[in-house]
Each structure stands twice: as structure tokens, then as C-alpha cells.
Amino acid sequence: MKGRLWKIVTVCLVAAVAIGCAVLFLPMNQDTGASPQSSNMLSLVKPPFVSAAGNDTNFLEEEAGISAYTNVGQAINLNQAKSAFRTVEYQTSEYIIGSVAIPGLPDTEDVHCYVHKDGWVVSYYLNDEPTAKIVDWNDLVSTKLEKGIGEVCDATGVPFIQVTYYDFRYPYAEKVMVIIDRDSFNLQIPSSFAVYERSYSLYSCTYYRVRLYIDGNEVASADDEVVYGGLNPTQLTPNVFHTILLDHSGSDYGDAIALSYKEG
């Protein structure tokens, strides 16, 4: 995977700022007037094959959540692709569905994958899993979803170009912002935005417990593990500055806040 950049999301994983600086969740290049972090994000684009009559991908609308997809521009040998799968759930002469392991991660982090012989590769997490699960704390250059596609491309010897993201749960969502932090920051969501999901990922590679707080209330804790989950609208209400803070020891930890939304 070396050299493959998370082409859209490298700008989405933004560095933390010190507490006291306003982190504004606003469109790119808008003047916030308050020393914000970079407000880059990834775009969500509906795949061209969604809802097509007689299409074998209709199952994605029933079970998939946050997803990444690409077309490699050439035929894929399914027998070769199969070697990238940890488990195969279903296979025909046209496509394979199953789970693909992410290097260095346990099977709980496997991505589901659909590979079609005509060149389509889709990786996704299930619709009951939070968007923040895409963050790979071992390598923030790319998401777990992109790495899953890369594993298939490596197995089949086809080119890896770039991926596009989509969330099958929220067809009206246009963007996802992921903020990576190791200390504290403030966050405000404009009231004009329709926010479809708020979620977090909390990482600790230490035997000292790391705790995530929003506005002084503990949301989650981690002890030599990664935990993730959803946030409810009352925890990150619009038009209010919220303080996200990590209480930590040790040297290897972090948190991510993911927001799926449409600008009003």
C-alpha cells in the first residue's frame, strides 16, 4: 500500500489545535474569523450502479453503511481476487462477496467487499457500524475501506487509481468530515447543516486508560484498544461550541470525530 494516498481524505484528517482556538465546521475556504482548523472533507457520491434494474448490487442498499468504491477499468480475475478474502460469503461467475482482512488489524476490523469481474470493487462497513470506524490508527494516510480495495487490487494485479465514498444509509448526505485529535479542541456545527450522523473513534495503545469527554461528560474510554460508536444530536448540538477533550496518559492515543452531513 506504500505510495497510495487517501486521495480525497488526506485533507480530511486534520491536525488538532490547542484548546481555546475555535474549530469551525464550515465549508472550505470560508472565513471563520476564529483561527479554525483546516475544514477539508471527503465527498459522498452515489455509485452509478445503485438501484439499476436487475443489478446484483441491490443488496448494498439493505446492508451497507459507509462505503468506498472504484472501477479499475479492466476485467478482474475472480479466482485471483478470492485470495484477498478472509471469508467468502457468496460467489457466482460474475462476482464475489465476503470479508477482506486489513493488514495488522484483528478480524473485527475486516471490511466487507464486493468484487465484480467487470472491474467494480466496493468495500464497506455494515449499516449498524459508525462512520468513524474507517479510521485506521496504524496508518492515517488511508482509510480501512481504501486498504480493503487495495488488498483486492494487489491480489489481482490490477491498478489502484483512487476511490470514491458513499453512505448507503444516508443518500442525501454530501460530505463527511473526520477530525483527528490528540488533545482538546472546540467544535461548532452550523445550524443550517443537516447532520445525518455523528460518531467517534477512540484509540489507546497503552495500558493507561484514555477517556473522551464532550463538554465535560465522559463519552467513552479505551485501554490498549480502539473503541468507536455513535453520538446523539444532544451531544453535538448545532450552533453551539462544544469542547472535545482527551484525558490520557502514555504516549500513543487519539480520538476522531466523524460527521456526515449536507450543507443547508
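The values are calculated or read from the model by the stated rules, or taken from the named source; none is laboratory data. As the structure is a computational prediction, the values presented were derived from the model and not from experiment. Because the Cβ atoms are built from the backbone with ideal geometry, glycine has one as well, and the counts that use them run over all protein chains shown.
Please go through region 102-159 and give me each residue that is assigned to a helix (DSSP H, G or I) and among the hydroxyl-bearing types (S, T, Y), ordered by number.
In the first step, residues of region 102-159 are kept if they are assigned to a helix (DSSP H, G or I); the result is 107-109, 131-134, 144-156.
Listed by number, the residues that qualify are T108, T131, T156.
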Out of the residues in region 138-148 that are crowded, with 22+ Cβ neighbours inside 10 Å and not basic (K, R), state the one that is modelled with the lowest pLDDT. S142
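For region 76-118, give me each residue that is of a type in the set (G, A, S), at pLDDT below 95 and closer than 18 Å to V163 by Cα.
In the first step, residues of region 76-118 are kept if they are of a type in the set (G, A, S); the result is 81, 83-84, 93, 98-99, 101, 104.
Those still in the list that are at pLDDT below 95 too: 93, 104.
Matches in region 76-118: none.
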So for region 206-226 (the condition being touching a helix residue (DSSP H, G or I) at 6+ places or on another chain (Cβ under 6 Å) and part of a strand (DSSP E or B)), does at least one residue qualify? no
Just checking, how many residues over region 214-257 are among the β-branched types (V, I, T) and farther than 16 Å from L202 by Cα? 3
In region 209-248, how many residues are closer than 24 Å to L126 by Cβ and out of contact with any Lys or Arg (no Cβ under 6 Å at 6 or more places or on another chain)? 12
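Here's the yes/no breakdown for (1) within 19 Å of P106 (Cβ to Cβ); (2) at pLDDT below 95; (3) surrounded by fewer than 19 Cβ atoms within 10 Å (Cβ to Cβ); (4) in the same structural domain as D107 (by TED's automatic domain parsing):
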site	(1), (2), (3), (4)
A132	yes, no, no, yes
G150	yes, no, no, yes
D154	no, no, yes, yes
I161	no, yes, yes, yes
I179	no, yes, no, no
I189	no, yes, no, no
Y200	no, no, no, no
D215	no, no, yes, no
G229	yes, no, yes, no
Can you run down the residue pairs with Cβ atoms below 7 Å, 6 or more apart or on separate chains, where the first is in region 77-97 and not assigned by TED's automatic domain parsing to the domain that holds H116 and the partner is in a strand (DSSP E or B) and aliphatic (A, V, I, L, M)? none
